[in-house]
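The values are calculated or read from the model by the stated rules, or taken from the named source; none is laboratory data. From a predicted model like this one, the values you see are computed outputs, not experimental measurements. Here the Cβ positions follow ideal geometry from the backbone for every residue, glycine too, while neighbour counts run over all protein chains shown.
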Amino acid sequence: MVVHTLLLALGANQAGAWGPPDQTLARARQELACAGVRVLASSCLYDTLPLGPGRQSPYLNAVLLCSAHMGPAALLRLVKRLERRAGRRLSARWGPRSLDIDILDFGGRRLGWSRRRLERLVPGRLILPHPQIDRRAFVLIPLLEVAPQWQHPTLCAAGRILLARLAPASRRGVRRSLAFAAAACQKQGA
């Protein structure tokens, strides 16, 4: 089977079944590795302001550069299963989450894009690359930490150019928080 290089965004802003956000993101990284997703590089964790409605706690966000021997649909099923195991339940769009894992890029593949930009996304439908990367400093900053030469496959623009196009206020809401160290893969229940 072909090895695919991919970028995953991880985020959390509330405690869940795997603990507080920092522990949840570390566990998610470990669970991905145990499921056959090889983590090649991890960004630091970043404290970021929430996008959603109402009052929410700040998010912790990170981006992983990975490789995997699975297709996009299998990867989507895996990340959704991990989100549920971490305690995520369906909630309001952009509401608080115990874990959110987005597939940002899957080997430069284009999937589900129309000629015009998609504004309303269908939950659970995979669109590659993620249709809102270019609007989110909290994704681009850690993405460029692990893949500084990354270029958006659909917009044909370098990630650093996309980040420069964002309003300075959106970049100010993203602060480096913690190193995101690797953890060994352990059997469940160990």
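Within the bounds of segment 54-66, is there any residue that is at pLDDT below 85 and under 24 Å from Ala164 (Cα atoms)? Walk me through it before giving the result.
We begin by selecting, within segment 54-66, every residue at pLDDT below 85; these are 54-56.
Those still in the list that are under 24 Å from Ala164 (Cα atoms) too: none.
There is no residue in segment 54-66 that is at pLDDT below 85 and under 24 Å from Ala164 (Cα atoms).
Picking from Arg55, Arg38, which residue would you name as being without any contact (Cβ under 8 Å) to a residue 12 or more places away in the chain and surrounded by fewer than 17 Cβ atoms within 10 Å (Cβ to Cβ)? Break it down stepwise before answering.
Numbers: Arg38 fails: without any contact (Cβ under 8 Å) to a residue 12 or more places away in the chain.
Within the list Arg55, Arg38, the selection yields Arg55.
For segment 1-53, how many residues meet the condition of being touching a helix residue (DSSP H, G or I) at 6+ places or on another chain (Cβ under 9 Å), over 21 Å from Glu145 (Cβ atoms), modelled with pLDDT under 95 and not small (Gly, Ala, Ser)? Of the residues in that region, 2 qualify.
Would you point out the residue of segment 164-190, among those that are closer than 28 Å to Gln23 by Cα and among the aliphatic types (A, V, I, L, M), that is modelled with the highest pLDDT? Across segment 164-190, the extreme among qualifying residues is Val174.
Does Ala17 fit the bill of being within 15 Å of Val139 (Cα to Cα) and in contact (Cβ under 8 Å) with a residue 12 or more places away in the chain? Don't jump to the end; show me each part of the working.
Working: within 15 Å of Val139 (Cα to Cα): no; in contact (Cβ under 8 Å) with a residue 12 or more places away in the chain: yes.
So Ala17 does not fit the description; no.
So, in segment 1-35, of the ones that are surrounded by fewer than 18 Cβ atoms within 10 Å (Cβ to Cβ) and among the β-branched types (Val, Ile, Thr), which residue ends up nearest to the chain's Cα centre (by Cα)? If we take residues in segment 1-35 being surrounded by fewer than 18 Cβ atoms within 10 Å (Cβ to Cβ) and among the β-branched types (Val, Ile, Thr), then Thr5 is nearest to the chain's Cα centre (by Cα).
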